[in-house]
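> Once you've had a glance at the structure underneath, I'll fire off some questions.
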Amino acid sequence: MSEIHLILALARNDFSYFFRTKWLMAVLLSLNLSDMLVVALVYGKLMTFDYFQFFVPAVVVMGLFAASLDTGRRIWLAIRENVVQYYLSLPISTKGLVLAYLLAGGLAALVYSSSLLMIALLVLPAHAISTIFILLPFLFILAMGLAGIAASLAALASTHGEYFFAFQQIVQVALLAISTVFYPIDTVRQYLPSFLVDVAQMNPLSLATTAIREFVFQGSPIQPLFLLNLLLTSIPFAIIGAAAYLTALRAIQMKGKL
């Protein structure tokens, strides 16, 4: 079996594992649906604009984020339970193993967020549904980038005991807080310094949410430069995460464990 076939086989196995954890899927779906159908409606009564229409697309991106971060949990467990050592005994390079996890994480997150997007289309009118198919490849790259962050957290936590979930929460809060997922950019400008406003605008979560809001639900024409920015801000996450996980795998190869 060639290395490409092994990479695809490992990616398929990890992808299927995400959907075998039914309790996790149930928890994630219930949280996202409560955000979509309860939080948005309640907060909407406190806002001077249609917050429901603003927030529902954000739930799709938050689902993409949560599902991508689950890649880190699977990697962390694989390191702790010596599954990675078995994978390293296969005729596959460490780079191939990293790529398999990123592909699986990106695909799982894309499928999960697509299910949320289908629900969003039922509760919110869309003006350009066909645009979704143009956005999917860019959302997949973003999901791989977020999976890369999760991989780097798993690699870091593997050498620092039980801290993975603490690291995950810190990153999750930071990326969501400094973004336009929950609030319009005008509101962000009122409370954050100018350099953090720039960070919030270039946050890939902000860009993905804005893309869904404007291009799918508002029907605005797609701007290629906007999609390019989404691509360029997502790729570094994947590179950093892949490099961190690759370093951890090489350490395991040399020492037998971390």
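> Mind listing whichever residues of region 172-198 are among the hydrophobic types (A, V, I, L, M, F, W, C), closer than 24 Å to Leu153 by Cα and buried (at least 17 other Cβ atoms within 10 Å of the Cβ)?
Scanning region 172-198 gives Leu175, Leu176, Ile178, Val181.
> What is the one condition in (1) among the β-branched types (Val, Ile, Thr); (2) in contact (Cβ under 8 Å) with a residue 24 or more places away in the chain; (3) over 30 Å from Met254 (Cα atoms); (4) not in a helix (DSSP H, G or I) that Ile92 does not satisfy?
Going through the list (1) among the β-branched types (Val, Ile, Thr); (2) in contact (Cβ under 8 Å) with a residue 24 or more places away in the chain; (3) over 30 Å from Met254 (Cα atoms); (4) not in a helix (DSSP H, G or I), Ile92 breaks only (3).
> I'd like the full set of residues that are surrounded by 12 or more Cβ atoms within 10 Å (Cβ to Cβ), assigned to a helix (DSSP H, G or I) and among the β-branched types (Val, Ile, Thr), limited to region 18-55.
Val27, Val39
> Being of a type outside the set (Phe, Trp, Tyr) and either surrounded by fewer than 16 Cβ atoms within 10 Å (Cβ to Cβ) or touching a Leu at 6+ places or on another chain (Cβ under 8 Å) (or both) is the filter here; which residues of region 202-219 pass it?
If the condition is that a residue be of a type outside the set (Phe, Trp, Tyr) and either surrounded by fewer than 16 Cβ atoms within 10 Å (Cβ to Cβ) or touching a Leu at 6+ places or on another chain (Cβ under 8 Å) (or both), then Met202, Asn203, Pro204, Leu205, Leu207, Ala208, Ala211, Ile212, Val216, Gln218, Gly219 are the ones that fit.
> Would you call Val38 farther than 30 Å from Ser89 by Cα, β-branched (Val, Ile, Thr) and within 21 Å of the chain's Cα centre (by Cα)?
No, not satisfied.
> Within 20 Å of Ala248 (Cβ to Cβ) and of a type in the set (Asp, Glu): is that true of Asp70 in this structure?
yes
> Here's another thing I want to ask about it. Got at least one residue in region 154-169 being closer than 25 Å to Tyr112 by Cβ and modelled with pLDDT of 85 or more?
So far as region 154-169 goes, no, none of its residues is closer than 25 Å to Tyr112 by Cβ and modelled with pLDDT of 85 or more.
> Can you find even one residue in region 10-17 that is among the acidic types (Asp, Glu), within 29 Å of Val98 (Cβ to Cβ) and surrounded by 14 or more Cβ atoms within 10 Å (Cβ to Cβ)?
Within region 10-17, one or more residues are among the acidic types (Asp, Glu), within 29 Å of Val98 (Cβ to Cβ) and surrounded by 14 or more Cβ atoms within 10 Å (Cβ to Cβ).
> Next question, about the same structure. Give Ala147, Ala166, Ala157 a once-over and let me know the one that is under 13 Å from the mean Cα position of the chain (by Cα), under 15 Å from Asp70 (Cα atoms) and not aromatic (Phe, Trp, Tyr).
Ala147
> Is one or more of the residues making up region 71-87 crowded, with 20+ Cβ neighbours inside 10 Å, modelled with pLDDT of 85 or more, in a helix (DSSP H, G or I) and of a type in the set (Gly, Ala, Ser)?
no
> Give me the pairs: first residue in region 19-35 and within 13 Å of Val56 (Cα to Cα), second residue at pLDDT 75 or above and surrounded by 12 or more Cβ atoms within 10 Å (Cβ to Cβ), beta-carbon distance under 6 Å, and six or more apart or on different chains, which are they?
Hits for this filter: Asn32/Val59; Asn32/Gly63; Asn32/Leu116; Asp35/Val59.
> Next question. Of all residues in region 192-207, which are touching a residue at least 12 places away in the same chain (Cβ under 8 Å) and not in a loop (DSSP other than H, G, I, E, B)?
The answer is Leu196, Val197, Val199, Ala200, Gln201, Met202, Pro204, Leu205, Ser206, Leu207.
> Here is a check on your reading of the model: is Ala58 of a type outside the set (Phe, Trp, Tyr), in contact with a helix residue (DSSP H, G or I) (Cβ under 9 Å, 6 or more places away or on another chain) and either part of a helix (DSSP H, G or I) or surrounded by fewer than 20 Cβ atoms within 10 Å (Cβ to Cβ) (or both)?
In short, yes.
> Given the conditions (1) in a helix (DSSP H, G or I); (2) in contact (Cβ under 8 Å) with a residue 40 or more places away in the chain; (3) not small (Gly, Ala, Ser), and given that Phe182 satisfies all but one, which numbered condition is not satisfied?
(1)
> Taking interchain pairs and intrachain pairs at least six residues apart, which have beta carbon atoms under 6 angstrom, with the first residue in region 48-60 and at negative phi and among the aromatic types (Phe, Trp, Tyr) and the second modelled with pLDDT under 80 and not in a helix (DSSP H, G or I)?
Correct list of pairs: empty, since none qualify.
The values are calculated or read from the model by the stated rules, or taken from the named source; none is laboratory data. Values in this document were obtained by computation on a predicted structure and should not be read as measured data. Using ideal geometry, Cβ is built from the backbone for each residue, glycine included, and neighbour counts are taken over all protein chains shown.
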